[in-house]
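Trainee: Next up is a structure, given as structure tokens.
The values are calculated or read from the model by the stated rules, or taken from the named source; none is laboratory data. What you are looking at is a predicted structure, and each value in this text was computed from that prediction instead of being measured. Backbone-built Cβ (ideal geometry, glycine too); neighbour counts: all protein chains shown.
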Amino acid sequence: MLTLAVQERNSKDSTETLRKKGLVPAVFYGPKEDSTSIAIDSLRLERVFREAGETTIVKLSGVGEEKDTLIHDVQFHPVTGAMLHADFYVIEKGKKVTIKIPLEFVGAAPAEKLGHIVVKALHEVEIEVAPAELPHHLDVDISKLENVGDRILAKEIKLPSSAELKTHADEIVVAITEFKEEKEQTPVVPAEIIGEKKEGEEASAEGAAAATAPVSPAPAAKKEEKK
């Protein structure tokens, strides 16, 4: 189990002061724990967060008795990516926790090799589980998806023995859909427009012919004969 040393935060220290000291302001709380402000070494916290994520128990030491916690929420600087704040949820001893666990798709779907599409509808499921059996992720084996229409439901995911699925059992996790190549369609022109176009073209042709036809010179006027 991962352990993280913390210290109680001095109310006189601003968050900016803590960050300049290389500390991250944080807080822990739980069903039977009052919200307590703490500070944690930034490098150690970042290392533990990379390893634990939000689905691995982290033991906090340094403030009262040791506490089993989950990293519940982390805020990062939008530009530098530095960790700005962290929330820790204290797990109640002897109680299960309800948590969303990410799914990891493993294997290769035979249907995908045939050119069809693997549609991943869910990327996490919610379960209630004993802290000791809390998984970092849950595997979804897609190697059995051979044909169009094949699918895997939430109830088919293998869970730890103490876990109970909270996501709807018949929720589709992943499915195979047929790949259809879209053909470029030629726009259909209504018949009446075609008819009007032809008449217009004929009239234009007649006008053009008349304009280009040779013009006979007008007969010369006869001189009046002298009487």
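Trainee: Got at least one residue in segment 52-64 being within 27 Å of P160 (Cα to Cα), of a type in the set (D, E, K, R) and in the same structural domain as E8 (by TED's automatic domain parsing)?
Mentor: Taking segment 52-64 and keeping what is within 27 Å of P160 (Cα to Cα), we get 52-60.
If we keep only those that are of a type in the set (D, E, K, R) too, we end up with 54, 59.
Filter once more, so that each one left must be in the same structural domain as E8 (by TED's automatic domain parsing): 54, 59.
Yes: one or more hits.
Trainee: So which residues in segment 83-94 are touching a residue at least 60 places away in the same chain (Cβ under 8 Å) and out of contact with any Pro (no Cβ under 7 Å at 6 or more places or on another chain), if there are any at all?
Mentor: L84, A86, D87, F88, Y89, V90
Trainee: When the residues of segment 1-32 are filtered to those that are in a strand (DSSP E or B) and polar (S, T, N, Q), which remaining residue is nearest to K93 (Cα to Cα)?
Mentor: Quick first cut of segment 1-32, residues in a strand (DSSP E or B) only: 2-5, 7-8, 23-30.
When the remaining residues are screened for being polar (S, T, N, Q), the result is 3, 7.
Numbers: T3: 17, Q7: 22 Å.
Going through the qualifying residues, I end up with T3.
Trainee: Here's another thing I want to ask about it. Could you list, in sequence order, all residues of segment 46-78 that are under 13 Å from M1 (Cα atoms) and of a type in the set (D, E)?
Mentor: Answer for segment 46-78, where residues must be under 13 Å from M1 (Cα atoms) and of a type in the set (D, E): E51, E66, D68.
Trainee: Just checking, does segment 125-133 include any residue being on the phi > 0 side of the Ramachandran plot, surrounded by fewer than 13 Cβ atoms within 10 Å (Cβ to Cβ) and more than 23 Å from the chain's Cα centre (by Cα)?
Mentor: There is no residue in segment 125-133 that is on the phi > 0 side of the Ramachandran plot, surrounded by fewer than 13 Cβ atoms within 10 Å (Cβ to Cβ) and more than 23 Å from the chain's Cα centre (by Cα).
Trainee: Might you let me know whether segment 55-67 holds any residue that is closer than 20 Å to A130 by Cβ, surrounded by fewer than 12 Cβ atoms within 10 Å (Cβ to Cβ) and of a type in the set (V, I, T)?
Mentor: no
Trainee: Residue under question is R50, and the condition is that it be over 28 Å from P135 (Cβ atoms), of a type in the set (K, R) and not in a loop (DSSP other than H, G, I, E, B); does it hold?
Mentor: Numbers: over 28 Å from P135 (Cβ atoms): no; of a type in the set (K, R): yes; not in a loop (DSSP other than H, G, I, E, B): yes.
In short, no.
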